[in-house]
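S.K.: Here it is, the structure in full.
The values are calculated or read from the model by the stated rules, or taken from the named source; none is laboratory data. Because the structure is predicted, anything quoted here is derived from the model rather than measured. Glycine also receives a Cβ, built like all others from the backbone with ideal geometry; neighbour counts cover every protein chain displayed.
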Amino acid sequence: MQNLEIDSKRLWDTIIETARFGITVKDGICRQTLTVADRQVRDWFVNACTDIGCAITVDDMGNTFACREGKNNALPPIAIGSHLDTQPSGGKFDGIVGVLSGLEVLRTLHDAGYITNAPIEVINWTNEEGSRFAPPMVGSGVFAGVFSHEFAFNLHDREGKKFHEELECIGYKGKTKCGNHKLDSYIELHIEQGPVLGVKNKLIGIVTGAQGMRWYEVTVTGYESHAGCTPMQLRKDAMLGCARMIEGINQLALNHAPLAVSTVGLVEVRPNSRNVIPGAVFFSVDLRHPDSTVLQQMDSELVTVITGIAADLNLEVQCHNNWYSPSVAFDEHYINVVRAAVEGLRISHCDIISGAGHDAVYVSRVAPTVMVFIPCENGISHNEQEKAEPDHVAAGANVLLNTIITRDKNRRYPNKIS
Ligand SMILES: [Zn+2]
């Protein structure tokens, strides 16, 4: 293997330089998808890639592919990617580290005059965050056939603005149809967004898969009545039902410790008045587990818990499963290539399962895929305080570089790839 190394200062400088697009007073980033700040960072990325001779393709979902040619351009590209959009109060690293490290890999190959066999591509996916246009991972989702174009184009934000109009507005509705783009493989470097690497004191997480997720919307209906004049035994208190359900949903994950998690993060009480017994409560549930069978079991336990509590309190309940993302196992062969690269670089590491959704989850349906995690301070993410160490970012980018070089060398002998 040639002894190539990325330029850690240059990589860090690009993270700081591009943070100005959407920078917030608290030094975070507000760069929601298809906004002016999103256009600015996309333009910057396109210019930086064309400066080193890459060809740019933009598909009709705005996904952007920067391609560095190889010796045999009939081969599908080895892809590196992530996202440049952020939460409204996001940090400088979530997604950004993956795309800019990809750019740094291209720059390193360019400086060294290293020509790979297959082309190398860096991808910026549209709307990973899903904060302005829900659901998340829409660009990669259409790419992988999870969502239709029609579904994505008709999404609208809270002001009623349509996804496809906003995409045209920032000039990133490309001509190529999203999905008509074969990849040899896909690798995504990302901050962990959790505390595991920090607690274990490891620098690299080799991500073997992502856990399954189920989202629900629950409506509990009771009866609004006077807080002073309605005796306790005659009440239909929807809020009391909700409180007991939250406790039950929390216990449900504890019953499947240590891997299960459950969260009720959004609650709306009606009429939300201090002297009225709550007549209706709407709340969300987020259940996650790496094993789809256990997640399925948690699904039926959820129904048992909430219907049991509703019956006890004489309430009605409706539960709607509004999103399901099955657990994903990444490509075993590619995981081993990453492991060899990490061990070759003598970096401390452990295997890890992703707790969050990522573009890699959807891309894994159409190409051999793997992810690499680096720590973020105290596991804090989706927060302006999000922090990653320059040395950790550099280590992650070097893992990317060495992994794709090995993948590319194997590519010369396609029979070797299972
Ligand atoms: Zn992300």
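S.K.: What's the number of the condition Ala134 fails, among (1) in contact with a strand residue (DSSP E or B) (Cβ under 6 Å, 6 or more places away or on another chain); (2) within 16 Å of the ligand (Cβ to nearest atom); (3) of a type outside the set (Phe, Trp, Tyr)?
M.R.: All conditions pass for Ala134, except number (1).
S.K.: Okay, next question. Are any residues in segment 70-84 away from the ligand (no atom under 16 Å from the Cβ) and in contact (Cβ under 8 Å) with a residue 60 or more places away in the chain, and if so, which ones?
M.R.: Within segment 70-84, Gly70, Leu75, Pro76, Pro77, Ile78, Ala79 qualify.
S.K.: Find the residue count for segment 366-385, including only residues that are of a type in the set (Asp, Glu) and either buried (at least 24 other Cβ atoms within 10 Å of the Cβ) or assigned to a helix (DSSP H, G or I) (or both).
M.R.: Residues meeting the conditions: 1.
S.K.: Quick one: would you say Val142 is at pLDDT 95 or above, hydrophobic (A, V, I, L, M, F, W, C) and part of a strand (DSSP E or B)?
M.R.: Numbers: at pLDDT 95 or above: yes; hydrophobic (A, V, I, L, M, F, W, C): yes; part of a strand (DSSP E or B): no.
When the stated conditions are applied, Val142 does not pass them.
S.K.: Could you tell me which of the residues Glu159, Glu188, Glu129 is part of a loop (DSSP other than H, G, I, E, B) and within 26 Å of Cys67 (Cα to Cα)?
M.R.: Every option except Glu129 fails the conditions.
S.K.: Check Leu295 against each of (1) surrounded by fewer than 19 Cβ atoms within 10 Å (Cβ to Cβ); (2) in a helix (DSSP H, G or I) and name the one condition it does not meet.
M.R.: Exception for Leu295: condition (1).
S.K.: All but one of (1) under 21 Å from Glu316 (Cα atoms); (2) in contact with a strand residue (DSSP E or B) (Cβ under 9 Å, 6 or more places away or on another chain) hold for Ser262, so report the exception by its number.
M.R.: (1)
S.K.: Sticking with this structure for a sec: Is it the case that some residue within segment 212-228 is modelled with pLDDT under 95 and within 16 Å of the ligand (Cβ to nearest atom)?
M.R.: Yes, there is a match, as at least one residue in segment 212-228 is modelled with pLDDT under 95 and within 16 Å of the ligand (Cβ to nearest atom).
S.K.: Within segment 332-347, is there a residue that is surrounded by 21 or more Cβ atoms within 10 Å (Cβ to Cβ), within 15 Å of the chain's Cα centre (by Cα), under 28 Å from Val142 (Cβ atoms) and hydroxyl-bearing (Ser, Thr, Tyr)?
M.R.: no
S.K.: Being of a type outside the set (S, T, N, Q) and not in a helix (DSSP H, G or I) is true for just one of Val269, Val303. Which residue is that?
M.R.: Val269
S.K.: Here is a further query. Which of (1) more than 14 Å from the ligand (Cβ to nearest atom); (2) in a strand (DSSP E or B) does Ile123 not meet, given it meets every other one?
M.R.: (1)
S.K.: Looking only at segment 85-115, filter to residues that are in a helix (DSSP H, G or I) and of a type in the set (Gly, Ala, Ser); which one of those is nearest to the ligand (Cβ to nearest atom)?
M.R.: The selected residue is Gly98.
S.K.: Of the residues that make up segment 179-189, is at least one within 16 Å of the ligand (Cβ to nearest atom) and in contact with a Pro (Cβ under 9 Å, 6 or more places away or on another chain)?
M.R.: Yes; the residues of segment 179-189 include at least one that is within 16 Å of the ligand (Cβ to nearest atom) and in contact with a Pro (Cβ under 9 Å, 6 or more places away or on another chain).
S.K.: Let me ask another. In segment 244-266, which residues are loosely packed, with under 14 Cβ neighbours inside 10 Å, among the hydrophobic types (A, V, I, L, M, F, W, C) and outside any loop (DSSP other than H, G, I, E, B)?
M.R.: Listed by number, the list holds a single entry, Leu254.
S.K.: List the number of the failed condition for Phe143; all other conditions in (1) surrounded by 24 or more Cβ atoms within 10 Å (Cβ to Cβ); (2) at negative phi; (3) within 15 Å of the ligand (Cβ to nearest atom) hold.
M.R.: (3)
S.K.: Under 6 Å by Cβ, and 6 or more places apart or on different chains, what pairs join a residue from segment 382-410 that is closer than 24 Å to Gln193 by Cα with one that is of a type in the set (Asp, Glu)?
M.R.: Lys387/Glu377; Ala397/Glu104
S.K.: A further question follows. Of all residues in segment 162-183, count the ones that are touching a strand residue (DSSP E or B) at 6+ places or on another chain (Cβ under 8 Å) and assigned to a helix (DSSP H, G or I).
M.R.: 1
S.K.: Of all residues being of a type in the set (A, V, I, L, M) and in a strand (DSSP E or B) in segment 191-241, which is farthest from the chain's Cα centre (by Cα)? Just the residue, please.
M.R.: Selected residue: Val220.
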